[in-house]
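The values are calculated or read from the model by the stated rules, or taken from the named source; none is laboratory data. Note that the structure is a prediction, hence the values are computed from the model and not measured. Don't worry about glycine lacking a Cβ; one is built from the backbone with ideal geometry, like all the others, and counts go over all protein chains shown.
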Amino acid sequence: MSTRLRFRINLSNEEFLRHYRGRAQAVIVLAEDGRRVQLPARNFRNFITKDGIQGRFEVELDDNNRLIKITKIG
């Protein structure tokens, strides 16, 4: 059984570039249910625009809390 958590993120392009260049390897977000979730920054590369990464996302984790997928939902 997997776990799904939803969160919002608002990272400027400059902030994300620090992650992309390896200075910060993880993005820490606060899920809507109050849990803090640490995700590898590389998993957000598909969502970056010229403005950075903004929106509402859903992350799916397996039973060992390993990332299955991240989906942009808004």
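Assorted remarks:
- Which numbered condition ARG66 misses (of (1) in contact (Cβ under 8 Å) with a residue 12 or more places away in the chain; (2) surrounded by fewer than 11 Cβ atoms within 10 Å (Cβ to Cβ); (3) closer than 20 Å to MET1 by Cα): (1)
- Any hit, the stretch 24-42, residues being within 19 Å of SER2 (Cα to Cα) and acidic (Asp, Glu): yes
- Residue in the stretch 35-50 that is at pLDDT 90 or above, of a type outside the set (Lys, Arg), loosely packed, with under 13 Cβ neighbours inside 10 Å and in a loop (DSSP other than H, G, I, E, B) present: no
- ILE53 falls short of the stated requirement of being touching a strand residue (DSSP E or B) at 6+ places or on another chain (Cβ under 9 Å), outside any loop (DSSP other than H, G, I, E, B) and either modelled with pLDDT of 95 or more or not β-branched (Val, Ile, Thr) (or both).
- The listed residues are ARG35, ARG45, ARG6, and the only one of them that is touching a residue at least 40 places away in the same chain (Cβ under 8 Å) and out of contact with any helix residue (DSSP H, G or I) (no Cβ under 6 Å at 6 or more places or on another chain) turns out to be ARG6.
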